[in-house]
Amino acid sequence: MKFSFHLITTLVSVALCGIVHAAPAPLCDRTNGLCADIAARAVADSMMGDDLVARAAPKKAANAKIQRQAAPKVERKVKAFQKQANKGSASPAKVNAQANKLRQSEKGRVATQARKDNKAAKKQAWAGAANRATTTKNIQAVQKKQGQKPMKKAAKKDANNKIQQKAAAGINQKVKDWRAKEKAAGGYMPRVNILADRMRGKEKERALTQARKDRKTERGKQWAAAKKAPMAKVATKAAAAARRRDRRLTGAPSPANQAKLAKNVKPTKQEKKNVKDRFQAARQKYGQTQGMPARGQTATVGAHSANGREVRNSVFNSYLHQKNPIGTQRLPKPFNNDPYSPTHGTLANQRPLPQTARKLKEYPVIKNSPNGWTGNGQVGALRTITYKNGGQRHAAVIGHDTSPARGGDERDHYVATVTRDLESSDMEDFE
């Protein structure tokens with residue numbers, strides 16, 4: 001009986017494969033290396049398969065939902081095709097085959113279109129989030145600039161007042177001597193008094209001008225002294241060389257170029273429009289809000305208080321940053337209008353704000369700040385709560401009060417008591 005070489009090699013391969021798979025694990029390899037590798041690969045393949053199945057399950061469910069939603073439309077299209085094809089000379093079997101093919105292609109087209117729509121929606125959502133973040137950043141820059149102006153103005157005013165107070169004695173003595181001289185010469189006193197007032201004003205301005213010149217001269221002397229000091233000069237050169245070396249390694253621009261680049265980065269027209277629209281929307285909501293204290297009133301909760309202007313700043317900022325909360329605390333954030341505990345006495349089971357209030361948002365109230373909290377620094381003890389009730393916008397000031405008279409829990413919120421500040425005569429309250 002003759003056997004071909006190919007048949008013999010096939011039989012030998014089958015026999016060896018059966019022996020390897022039938023043998024126990026220790027007989028596979030004297031070092032168990034081959035068996036361990038095979039077992040590890042088998043476990044890894046099974047785990048990878050399970051992971052792929054788990055990851056594919058949500059996608060499969062989403063595709064099934066898309067197919068179910070599109071099924072009526074697909075079937076109508078298939079039936080219209082069958083109706084048109086049956087009018088011709090094609091056999092029913094061929095028509096059915098073409099209809100099935102059309103059905104499968106329509107299902108694939110629906111799934112592809114759904115993926116495209118989902119991708120476009122995600123891209124649009126990302127773009128919207130980026131635009132909101134950019135708008136918020138520009139708004140914070142505007143608010144920072146707005147806040148710096150009155151602070152710089154107040155600081156400059158205080159410094160000028162100190163200079164003028166320091167020079168007041170000499171100015172008054174100079175004006176007094178001049179008036180006495182004019183009076184002795186028989187001058188017309190009403191005219192002398194007017195000239196004396198003018199002289200006093202000019203002397204005050206001269207004192208400010210001289211103070212600025214003195215400061216400039218003193219700074220020039222300090223810079224010249226530091227420049228002439230040998231050790232300081234060596235240290236300055238070494239530090240500049242180190243900074244240049246670091247810039248060469250990192251490829252960073254020089255400080256002058258950095259300032260130039262930062263100055264040239266300006267908001268686009270669309271970004272400016274987004275900032276303007278956000279301010280206008282906040283202003284509109286602010287104008288519709290009821291329950292805010294007047295600027296000359298004071299809102300008090302326990303040992304904490306804030307005037308009406310600070311509360312109104314907080315309400316406006318809450319509306320301004322609602323689309324994209326700011327700071328590490330992500331404010332404004334939802335406020336839980338939780339009821340008081342059953343053991344709270346007269347307030348048992350009641351809520352700080354109306355039970356029908358909706359869309360409650362809390363935002364910090366900052367004292368002695370020209371534009372309120374803008375994402376940095378401490379948030380303070382008081383909060384403004386903006387909410388809608390009965391189709392109207394409302395605002396309230398709440399805070400914690402741990403005094404024994406309140407009772408209850410230290411985490412309970414209480415609505416502020418609003419009182420009129422008798423010392424205030426702000427006419428803006430009557431707007």
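Based on this model, can you work out whether Asn317 counts as touching a helix residue (DSSP H, G or I) at 6+ places or on another chain (Cβ under 9 Å), modelled with pLDDT of 90 or more and either open to solvent by less than 60 Å² (accessible area, probe 1.4 Å) or over 26 Å from Thr136 (Cα atoms) (or both)?
yes
From the residues in segment 367-377 that are under 15 Å from the mean Cα position of the chain (by Cα) and not aromatic (Phe, Trp, Tyr), which one is surrounded by the most Cβ atoms within 10 Å (Cβ to Cβ)?
Selected residue: Thr374.
Out of all the residues in segment 331-344, which are open to solvent by less than 20 Å² (accessible area, probe 1.4 Å) and under 21 Å from the mean Cα position of the chain (by Cα)?
Passing the criteria: Leu331, Pro332, Phe335.
When only residues in segment 150-179 that are charged (D, E, K, R) and surrounded by 12 or more Cβ atoms within 10 Å (Cβ to Cβ) count, which is farthest from Asn313 (Cα to Cα)?
Residue satisfying both the conditions and the ranking: Arg179.
Take segment 350-388 and flag every residue that is within 23 Å of Pro339 (Cα to Cα) and out of contact with any strand residue (DSSP E or B) (no Cβ under 7 Å at 6 or more places or on another chain).
Within segment 350-388, Gln350, Arg351, Gln355 meet the criteria.
Which residue pairs have Cβ atoms closer than 9 Å, lie 6 or more positions apart in sequence or on different chains, and pair a first residue in segment 183-199 that is outside any helix (DSSP H, G or I) with a second residue that is at pLDDT 85 or above and open to solvent by 90 Å² or more (accessible area, probe 1.4 Å)?
Hits for this filter: Gly187/Lys181.
For segment 117-126: of the residues being open to solvent by less than 100 Å² (accessible area, probe 1.4 Å) and of a type in the set (A, V, I, L, M, F, W, C), which is farthest from Gln322 (Cα to Cα)?
Looking at residues that are open to solvent by less than 100 Å² (accessible area, probe 1.4 Å) and of a type in the set (A, V, I, L, M, F, W, C), I get Ala120.
Return the residue satisfying two criteria in turn: it lies in segment 286-300 and is at pLDDT 90 or above and touching a Ser or Thr at 6+ places or on another chain (Cβ under 8 Å), and of such residues it is surrounded by the fewest Cβ atoms within 10 Å (Cβ to Cβ).
Thr300
Are there any pairs with C-beta distances below 6 angstrom linking a residue in segment 345-366 that is without any contact (Cβ under 8 Å) to a residue 40 or more places away in the chain and crowded, with 18+ Cβ neighbours inside 10 Å to a residue that is outside any loop (DSSP other than H, G, I, E, B) and among the polar types (S, T, N, Q), with the two at least 6 apart or on different chains, and if so which?
The qualifying pairs are Ala357/Asn389.
Can you find, within segment 132-148, the residue that is least open to solvent (accessible area, probe 1.4 Å) among those that are touching a Pro at 6+ places or on another chain (Cβ under 8 Å) and more than 17 Å from Asp277 (Cβ to Cβ)?
Checked segment 132-148; the qualifying residue least open to solvent (accessible area, probe 1.4 Å) is Gly147.
In segment 378-411, what residues are open to solvent by less than 60 Å² (accessible area, probe 1.4 Å), within 22 Å of Ser318 (Cα to Cα) and of a type outside the set (A, V, I, L, M, F, W, C)?
Gly380, Arg383, Thr384, Thr386, Tyr387, Asn389, Arg393, His394, Gly399
Ala93: surrounded by 15 or more Cβ atoms within 10 Å (Cβ to Cβ) and at pLDDT 75 or above, yes or no?
So Ala93 fails the test.
What's the number of the condition Thr112 fails, among (1) open to solvent by less than 60 Å² (accessible area, probe 1.4 Å); (2) under 26 Å from Gln270 (Cβ atoms); (3) modelled with pLDDT of 80 or more?
(2)
Being basic (Lys, Arg), touching a Ser or Thr at 6+ places or on another chain (Cβ under 8 Å) and in a helix (DSSP H, G or I) is true for just one of Lys144, Lys116, Lys137. Which residue is that?
Exactly one residue qualifies, and that residue is Lys144.
It is to be established whether one or more residues within segment 331-340 are more than 18 Å from Thr384 (Cβ to Cβ) and in contact with a strand residue (DSSP E or B) (Cβ under 6 Å, 6 or more places away or on another chain).
no
Count, please, the residues in segment 366-423 that happen to be basic (Lys, Arg) and either under 23 Å from Ala154 (Cβ atoms) or modelled with pLDDT under 85 (or both).
Residues meeting the conditions: 4.
What's the number of the only condition in (1) modelled with pLDDT of 80 or more; (2) within 30 Å of Asn317 (Cα to Cα); (3) open to solvent by less than 50 Å² (accessible area, probe 1.4 Å) that Ala129 fails to meet?
Of (1) modelled with pLDDT of 80 or more; (2) within 30 Å of Asn317 (Cα to Cα); (3) open to solvent by less than 50 Å² (accessible area, probe 1.4 Å), only one is false for Ala129: (1).
Counting only residues that are within 12 Å of the chain's Cα centre (by Cα) and among the β-branched types (Val, Ile, Thr), which one in segment 117-142 is nearest to Gly372 (Cα to Cα)?
If we take residues in segment 117-142 being within 12 Å of the chain's Cα centre (by Cα) and among the β-branched types (Val, Ile, Thr), then Ile139 is nearest to Gly372 (Cα to Cα).
Given the criterion among the hydrophobic types (A, V, I, L, M, F, W, C), at pLDDT 90 or above and surrounded by 11 or more Cβ atoms within 10 Å (Cβ to Cβ), identify the matching residue among Ala259, Ala306, Ala252.
None of the others qualify; the one that does is Ala306.
The values are calculated or read from the model by the stated rules, or taken from the named source; none is laboratory data. Note that the structure is predicted; figures quoted are calculated from it, not measured. Neighbour counts are summed over all protein chains in view; Cβ atoms, including those assigned to glycine, are modelled from backbone coordinates with ideal geometry. Accessible surface areas use protein heavy atoms only, side chains included; no ligands, DNA or RNA. Shrake-Rupley method; radii C 1.70, N 1.55, O 1.52, S 1.80 Å.
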